[in-house]
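Every read-out reported here was derived from the displayed coordinates using simple, explicitly stated rules and does not represent laboratory data. Just so it is clear, the structure is predicted and the values come from calculations on it, not from any experiment. Here the Cβ positions follow ideal geometry from the backbone for every residue, glycine too, while neighbour counts run over all protein chains shown.
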Amino acid sequence: MYIITIVAVWITALLGTASANPIIRKSINPDYLKARSPLSLDVFVATADAWPTNVVFVGGSQSYGLWIPTDGSWYDLGSIECLGLPANAIGDCNDVTINQIGVVAGYGPCTFVGNAGYSATIPGNPGDGYYTVGPPQNILSATCGPA
């Protein structure tokens, strides 16, 4: 009985400490967000008040917009920030598990490399839509444009 009481007090103390310290993430003003689906160049036009996006990752119920330069160079997605919608959260693009990838028409081809052996080249043709990442995984690096 003594051990059960000690464990109950310990769990209560841990829950009280965890709930007293909320984690606050960076976010942007949601008034600046634009609908960016379905994939088309018109929806992704970058202006001063929009998040520039030429690639969209889908992970579960969250979409992540990011910009990969189309110069043919390889980019580490840990150094590129993604805007996650609908949560309006900003974070490194290689930290999220991805189910699908979409490339805006005219910005391909883009090649993506994942952490579990995934590698794919997406042409970015009009009407292509999203390509499935199987199995879902983190995408670590990418290149867009002519090699």
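Overview of values
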read-out: Cα gyration tensor shape of region 51-147, rounded if a/c is under 1.5, else prolate or oblate by comparing a/b with b/c; value: rounded
read-out: Computed lengthening from Thr5 to Asn115, 0.36 nm per intervening residue step minus Cα-Cα distance; value: 35.1 nm
read-out: Net charge of neighbours whose Cβ lies under 11 Å from the Cβ of Asn138, counting Lys and Arg as +1 and Asp and Glu as -1; value: -2
